[in-house]
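For reference, the structure is listed below as structure tokens.
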């Protein structure tokens, strides 16, 4: 039997195959890691879509009311509400009615601040007892008023609904977090 020297014990061609196998294994591991990361990203996007809230605020003339509706597929966690009359923050609906120089009789209110609206849920913000008072209130609010509502999803992604834009066309934009509102500017209804 012939004895091999230590240098000849490992075939030179064999070393190349081992190195190639190690590189291929590393590339396969890297690809698996990339696919796993992409899968996690896609799943996160799907979860975001499943809990996305979307608030709409509008006049509901048949009931002489202003309502908020969650048209999204997830709950809307209302973090802050502000109502402005001629760019001055108001404390509540009674102050809004007074700032609009309208009578306060027959005004019914409900609380939206720090509330949660389920998908499809409608919340009445303010309701007036008679149609004529409601129409005066609605028209004065359109001309002089604006609202901002900051709300978040259950994943703590937040949006700001604002009517404080030129032409008072409502916008809804994503925000990193709801802005801090000073106590004297917080709307309490």
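Each reported figure results from applying straightforward, stated rules to the coordinates on display, with no laboratory input. Every value quoted in this text rests on a predicted model; they were computed, and no experiment measured them. Every residue, glycine among them, receives a Cβ derived from its backbone with ideal geometry; neighbour counts consider all protein chains shown.
Observations on the structure shown:
- The slack between residue 87 and residue 24, meaning 0.36 nm per residue of separation minus the straight C-alpha distance, is 16.2 nm.
- Legend: calculated FRET efficiency, residue 122 to residue 174, from the Cβ-Cβ distance at R0 = 25 Å, rounded to 0.05, equals 0.60.
- Neighbour counts of other Cβ atoms within 10 Å put 134, 41 in the fewest-to-most order 41, 134.
- Linear extension gain, residue 142 paired with residue 129, 0.36 nm per residue minus alpha-carbon span: 2.8 nm
- Residues listed by number, the stretch 143-158, amide nitrogen under 17 Å from residue 185 label point at 7 Å toward C-beta: 145-151
- Distances between every pair of Cα atoms in the chain, grouped in 10 Å steps from 0 to the bin holding the largest one, split as 8, 27, 23, 10, 7, 6, 6, 5, 4, 3, 1, 0 percent.
- When Rg and the Kirkwood radius Rh are both evaluated on Cα atoms of the stretch 57-158, their ratio Rg/Rh stands at 0.98.
- Estimated [θ] at 222 nm from DSSP helical runs (n ≥ 4, -39500 (n - 2.57)) normalised by residues in the chain, nearest 500: -11000 deg cm²/dmol
- Rounded to 10°, Cα long-axis angle of helix 12-50 versus longest principal axis of the chain: 10
- Here the residues 24, 47, ranked from fewest to most Cβ neighbours within 10 Å of their Cβ, fall in the order 24, 47.
- With R₀ fixed at 22 Å, the C-beta to C-beta distance from residue 50 to residue 114 puts the FRET efficiency at about 0.40.
- Between the stretch 81-114 and the stretch 146-188, the alpha-carbon centres lie 17 Å apart.
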